[in-house]
Structures are given as structure tokens and as C-alpha cells.
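Notes follow the structure.
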Amino acid sequence: MKMKRLLGVVCALSMGVLALPAVAQTAGPPPAAKVLRYAFNAAETGFDPAQLSDLYSRIITAHIFESPLAYDHLARPLKLKPSTAVAMPEVSDDFRTFVFRIKPGIYFTDDPAFNGKKRELVAEDYVYSLKRVYDPKLKSPGAAVLEDEGIIGLQALREDAIENNKPFDYDRPVEGLKALDRYALQVTLRESRPRHLYTWASGDIYGAVAREVVEAYGDKIMDHPVGTGPFRLVDWRRSSRIVLERNPTYRAEFYDAQPNDDDAEGQALLQRLRGRRLPMLDRVEVSIIEQSQPRWLSFMNGEHDFLQGLPDEFVDQAVPAGKVAPHLAKKGVQAFRVPGADVTLTVFNMENPVVGGYTPEKVALRRAMVLGTDIEREIRLARRGQAIPAQSIMPPMTSGYRPDLSTEMSDHNLARAKALLDMYGYVDRDGDGWREMPDGQPLLLERATQSHQASRQLDELWKKSMDALGLRASLKVAQWPENLKSVRAGNFMIWAVGSLAASPDGQGALERAYGPSTGKGNIARFRLPAFDKVYEDMKMVPDGPERQALFDEATKLLVAYAPYRMGVHRILTDLAYPWVVGYRRPPFWLDWWQYVDIEATARETSK
């Protein structure tokens, strides 16, 4: 696909108060293109919503594909609003039936799959797109989460394909997902789901795709995203560079939002940008730079306009004591520092013969590793103070999160950890300084990791902690997409990863331990009937004390069995040059490019 630079409209000089001779009339220079340049710190995997789970690919798809609903960019607390829907849906009193009406006149980006015709978005596109999540061939990471919502008939369609070893039947109607007419979409659930609407604000994984495009590109669909959103993919060099441009067929959408009256920052952004046509950018250029130092230098040298996620090792240089350093302030650099709706996890493969299992000695090994890891030291040395200890798997700003909670996850007790290992037979039998398994077999821990500096620092601290316990440990280094693929297949022992909330509902985090989601969201492959029951019970319970009690019970089970070591909730700092206008980090959703502007003239002047 050829890149085509959008340079805006070149206007000829018109007659003014003082007319110039015709021979002197020349065209002025075209306005500078508004290009946002920044980097991801890990590589993407592809751009088919139904096949994605990684953050970096989903950032791209969030700007290409759309759901009926979206989050208000400035509203805090969070608020849903119509996106491709005409208005908020009609919802039955029992929260089981939802009717969305799609706006007429929304079109997919032009693509050869449409044979030169304009292709309008219709309700049937959402029916098809959600059916794809259930297609066994795709092994969609989003299938378990969607099945939790209980859309009637989709799971039966999936099971029919599996049991009869036949292709998934996309043309077979299902009761719970119907196009009532060209633009009306009806969703019917098995049970009450008071928070179901969050599902329909996830364009990155549940956005509308066109059947013609999927069938045209077949197994190459990960390379050919075609959506209705504000941007389109124009260049992709795998694990190196991703370029998107303004979607020329994007409908007329204008900047508007509803920040709280006491939200000074939100109100200022609204006043500055209200009424601007979206997107304001012409182009977004994303580089993949896994190493933190070159990513930092690319920003410092002006090669990038924006640095999302300031590497911890540069915190003291950039924002000492939480304020922009003088050398950056002189350049007008802006800092955006917010608590992240995330949690870092050390993942133990519950099917691994060394660290997995539910018997007392297996639980003791994992809990000893938890107690032997000094999280406060990690925050101080590796994270430069840019985090707080996590007590549970629920991220801040989600339901179920309790800032007053204290659990074993934040404890560092080396003596207790060693005592647990001794008690359950993990002792050094041959005098080489390393503990063996209870049956006398060698014990070697293997942690999958990446090669970049941030991972190396964390890996060094982890290995020192294991050394102090007398546990021999090694590191297996690979690129992030390769590790993700291995983890999803269950081919790993231990991995460290960050988990970002996708909605305000903390139950999404608990899906990490839900048995039916094994190999998808449940990367620890944890299966515990008692936990699954708690998870299923809370689906139907409205937010309140009863549901919080279920969150607390789920936390107790996760702390007790330790399929994950919950690490920290990060404090996130983003940096931007002064010509980046309108940025505000979204807590859960991933699309924000359309809401920012680049003052290209100011950028050129600064050079």
C-alpha cells in the first residue's frame, strides 16, 4: 500500500483590499502536515481485532475499527457516549435485551475488496464481527470474555463447529444477536448483565469488520485492517514502523465532551478544541523501539513529538520530584503524570510440573517466591518510585479495587519464605547451595523475559531474590510477541507482564484466573472451581457491598493459591513537546489520536 502524504488544501491568493497584478499572483506554500511521531516499547502482532490480546496491536486497531459506543474523552468519572450508534441503546429493565441503532451514512475505508463501491456500515457487520470471535479457527483471546456476557446462541454455534469438525457457520441465525433491519442491532443475554454496555465500547477487539474484506484476504487478514474509524493503515514494516493517515472517508465528527465542572484541565481542553473536526491529525508515525535509552533519545533529539510511558530510569532526569526538569521546561515540554489503571504480574504456569499445581508443596513454592520478592526495593531501585505496591489483581479506578486493602502480596519476609520451603521439602540435599525438589530432583526456575533495559533491571532484582532463597533461576530471552505466543500456548514456566484495565469493571481483571478463559485471558492457566463460582456469581450482582464482598473473596483465593504474584500499580508519566495539543491519557480505552492536534508551524519554528 503506497503512502500518500496529506498536505491539506493549497489555496490560491485571492483579491484583497489591495489588488496585485496578475503576474505577481503565486500560490502560497501548503500548510505543513500534522504528523504525530512517537514509539511503542514493544512490537505489534497484527491488526485483526478478533485475534488480538496485546496492547500495542490494539492501540492501532482502536483507531481503525469502531464499536457502537465509546468513552467520553474528557469525562471523569467515566461516561459512555454513542459512537457509530445514533444514541445510547434501548435497555430492558432486566438488563438482558439491548437495541442499538447504527447511524446511516458511515462507510468503511475504500478497499479493493469492495470492487470500487462505497461500503456502508450496517447492523449485520456487528453480527458478523462478534461471530468471528467465536470461530474456533481464530482461537480468539476475546472469546471467553464475550461468552461471560452470555449472548444467546453464539456458544452453541461454536460448539457445533467443533463437535462436527466443520467450518463455522456465519450464516446461521442466533437468537441473541440479530440485525432487526439495516441499522438496528438487537442483543439478548441469557442472564442479567448490568455492565454489558462496556462490551460495546471496545472497538479495538469488538469493532466492526466487513465480511468481504475478511474473505478477500483470508489468512492474511492480520495485515489488512479495514474499518470505519478516523485512521487507516498506509505502511507497516513488522516490528519496526507503523504509519496511519487520516481516513479520507471518515464522517463529519466534531470535538465535544462533558468534563466535570470542577475539572479545570478538562474544561480548558474543551474550550480550546470544541467544534474542531476530527481527526485533527493528518498522520501518525509509530516506531518500535524496545530499548528505553534510544526511545528516550529519540524524544530528546526531537525525532518524536511524544513519549508515552517515560522509562523509569529517566524519571530523575525528566521529572525530578514530579516536576518537569528545567532543561525540558525551557523547551516547553509538558508532563502528564497519572496513576495507571494497571497491575504488573509475575505469571506462574499452573500446568508446569515445577511451579504449577494445587497440592500444598506446589502452593508453598509459589508463596515462598512471593514472600521472597522485595516489591518496595523494586519500586525504589528499578521503578524510581513510580509505582505503589499491588494488594490484589484489580487495578485502580476499577470496581473491586480497595486502596485500604493489605495482603501478603506486598509482604517481604525472607525468613518465612525459607521456612515454607524447608517445611515442604525444598531443601539443599547435595550441598551445592541450591534447593532441590521435594523428591530430590533438580529444581531450576526459568523466567521468560525480553531484552530491553527495563526488563533487565527487573530480571536482575528477581534473580537476586531467588538466589537469596536458594532457588536456582535462569532467564529465557525473546521478543515480546514471541513470549506472548508461547505463554498463550502454555509453553513457559514464569513470565512477567503488565495488565491494563479495559473497562471500569474490575471483573475483567479476575478473568485472568477464570478457568474457561485458560489460554486466553487466563494466561496462568489457573483452574479452581471455587474461584470460578465467585466469578460467575458476580456477573449478575449490581455494584455495591454484595459485589465487593465477592471481589474480596476472589482476592483471598488468588493470594492463597498464588497463580500470579501481583506486583505494582504503576504511576505513568508521558511527555510531549508544546506543539502537541489536547493530550489526556485515557484510563481504559485506547483511542486518543483523533482528539489531539499538532501545531506544525510551532514545531518547524523550534528547529
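The values are calculated or read from the model by the stated rules, or taken from the named source; none is laboratory data. Being a predicted model, the structure only gives us computed values, none of them experimental. Ideal geometry is used to build each Cβ from the backbone, glycine not excepted, and the neighbour counts take in all protein chains shown. Side chains included, ligands, DNA and RNA excluded: accessible areas come from the protein's heavy atoms. Shrake-Rupley method; radii C 1.70, N 1.55, O 1.52, S 1.80 Å.
Points to keep in mind about this one:
- Range of Cα positions in the stretch 75-187 per principal axis (Å), largest first: 44, 44, 28
- Sequentially through the stretch 407-418, phi angles give Karplus couplings (6.51, -1.76, 1.60; θ = phi - 60°) of 9, 4, 4, 9, 7, 10, 9, 5, 4, 5, 4, 5 Hz, Gly and Pro residues having no value and appearing as x.
- Taking all protein chains as shown and a probe of 1.4 angstrom, TYR535 keeps an accessible surface of around 10 Å².
- Estimated FRET transfer efficiency when R0 is 60 angstrom, pair ARG182-ALA329 (beta carbons, to 0.05): 0.65
- Taking amide H positions as modeled 1.01 Å from N, with prolines and chain starts lacking one, the residues under 5 Å from LYS476 and 5 or more places away or on another chain are ARG447, ALA448, THR449.
- Here the relative contact order of the stretch 529-607, from alpha carbon pairs under 8 Å that lie six or more residues apart, stands at 20 percent.
- Segment ARG429-SER451, extension gain: residue separation times 0.36 nm, minus the distance between their alpha carbons: 4.5 nm
- Computed P(r) (all Cα pairs; the stretch 313-362; 5 Å bins; percent): 5, 16, 14, 12, 8, 7, 7, 7, 10, 8, 6, 2
- The aspartates and glutamates whose alpha-carbon is closer than 20 Å to the alpha-carbon of LYS118, local same-chain residues fewer than 8 away aside, are GLU66, ASP110, ASP181, GLU212, GLU215, GLU245, GLU253.
- The calculated FRET efficiency for the pair ALA489 and GLU408, based on their C-beta separation and a Förster distance of 30 Å, comes to about 0.50.
- A simple spin-label model places pseudo-atoms 7 Å from Cα toward Cβ; at ASP160 and ALA478 they are separated by 3.7 nm.
- Acute angle (nearest 10 degrees) that the helix 529-538 long axis makes with the longest principal axis of the chain, alpha-carbon atoms: 40
- Gap separating the Cα centres of the stretch 396-465 and the stretch 195-221, nearest whole Å: 40
- Extent along principal axes [Cα atoms of the stretch 226-306; Å; largest to smallest]: 41, 32, 17
- Taking the convex hull of the alpha carbon positions in the stretch 479-586 and averaging its projected area over all directions gives 9.4 nm².
- Shape annotation for the chain: C-alpha extents along the principal axes are 98, 62, 46 Å, from largest to smallest.
- Cα gyration tensor, the stretch 35-134 - rounded (a/c under 1.5), prolate or oblate: oblate
- Backbone geometry of the stretch 200-205 corresponds, through the Karplus equation with coefficients 6.51, -1.76 and 1.60 at θ = phi - 60°, to 3J(HN,Hα) couplings of 8, 10, 10, x, 5, 10 Hz, x marking Gly and Pro.
- Relative to the 2.2 N^0.38 Å rule of thumb, the stretch 523-579 has a C-alpha radius of gyration ratio of 1.65.
- Gyration tensor (alpha-carbon) shape descriptor, the stretch 160-276, a/c threshold 1.5: oblate
- Taking amide H atoms as placed 1.01 Å from N in the peptide plane, the amide H of LEU177 lies under 5 Å from those of THR188, each 5 or more residues away in sequence or on another chain.
- Using a probe of 1.4 Å on the protein chains alone, the accessible area found for THR373 is around 20 Å².
- Per residue, the Cα convex hull of the stretch 394-519 amounts to 155 Å³.
- For the stretch 319-452, the alpha-carbon radius of gyration amounts to 1.39 times the rule-of-thumb value 2.2 N^0.38 Å expected for a compact globular protein.
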